[in-house]
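Everything on this sheet refers to the single structure shown next.
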Amino acid sequence: MKNSIKISFITLLLLFHSSTMIDGNQRSTESTIRTELFHNRGYERRSRSTFSALNYGSTFQSLSLILKLIYIHDYSQDTNVLKTIGLLELTWIDELLRWNKSNYDNIDQIRIRLNEVYHPDIMLQNSVDNRNLLDKGEDWHNSDLFLYSTGMVYCLPLITMETICEPIDDEQEIINCPFMFVSWMIDINHFNLTSTDLLQTNSKVKQYLLESNPPFLIINSSIELRIDPLLDNPQLIYHFRLRRLTNLNVKSSIIEEI
C-alpha cells in the first residue's frame, strides 16, 4: 500500500515537472517569436504594411468589422444622440507579422498589446466624438490581442458610442439610427464581409442587445457597404430601426410573453 502511494506521488511529481517544462519551453518559444517579429525584422508599428504589398504585389490587409450592440444607455431627444455600449470585433492582416509555425514548435498564436502593432483607423462617422475608435480611452489598451502565424490580428474592444441619429418619430416612437463606420486608409476592396455576412438572417443583423435604458426594441436592422459619395472612402453601415417603449408598450409586451 505504501509503495503504491509512493509510486503515485512520484508519478504526480513527474507529471507536474513535465507540464512545467512544457510551459517554460512554450514561453521561451513565444519570446523567440516576439524577438524575431518586433526586433530582428525592424517592425515599425506606425508604418503601414502597405509597403509589403507594394514590394511583393500582394494584398496588405483584409479588414473584418463586426458590431455587437449590447446595451442602450441613453437617448437625448434634444440632440438625437443615442448612447450605446458595444463590442467591436476586429480582425486584420499584417503581412509583416507572419511566421512559419513549423519553425517554432508549431505555435500558431501569441498575445500582444495594441500599442505594439499597426492598427487601422476606424471611426464612427456620425459620432459626437470622431476619433479613431481604437485610440479612444485607455481602459482596454493594455488588454491582450491575439496575433496568429498568418499575420491575422484579432481584438475585441468594449466601446462606448454616442451616435447622431435621425429625429425621432414622436407619433410612432421610432428612431432610425445608422452606425456609419469609415476608414480613411483602407480601400473598399480590403473590407472582408465574409464574417459580417454570416451575421445576417433575412437581411437582419444578429442581435446581441442585453439591456436598454430607456427601453428600446430593435424592430429592423441591416448591413450596408458603400463608398461615401462625398469623401470617396468606404463606409460600413449598421442600420438599426428602434422603437421606444412606453409604459403601455412594456405592459403589452409582458402580457404577450405570458
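Computed from the coordinates by the stated procedures, all read-outs in this text should not be read as laboratory data. What you see is a predicted model; the values in this text were computed from it and never measured. Note that each Cβ is placed from the backbone with ideal geometry, even for glycine, and that neighbours are counted across all protein chains shown.
How do 80-90, 218-228 rank on mean C-beta neighbours within 10 Å, highest first? Walk me through the intermediate numbers first.
On the way: 80-90: 18.2, 218-228: 14.1.
Per-residue mean Cβ counts within 10 Å order the peptides as 80-90, 218-228.
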message: Using a 7 Å offset from the Cα along the Cα-to-Cβ direction at both Asp144 and Ile164, what is the distance between the two label points in nm, to one decimal?
response: 4.0 nm
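Taking 0.36 nm per residue of separation and subtracting the Cα-Cα distance, what length does fully extending His73 through Asn40 add? Mind showing how you got there, number by number?
On the way: separation 33, 0.36 × 33 = 11.88 nm, distance 4.63 nm.
Residue separation times 0.36 nm, minus the Cα-Cα distance, leaves 7.2 nm.
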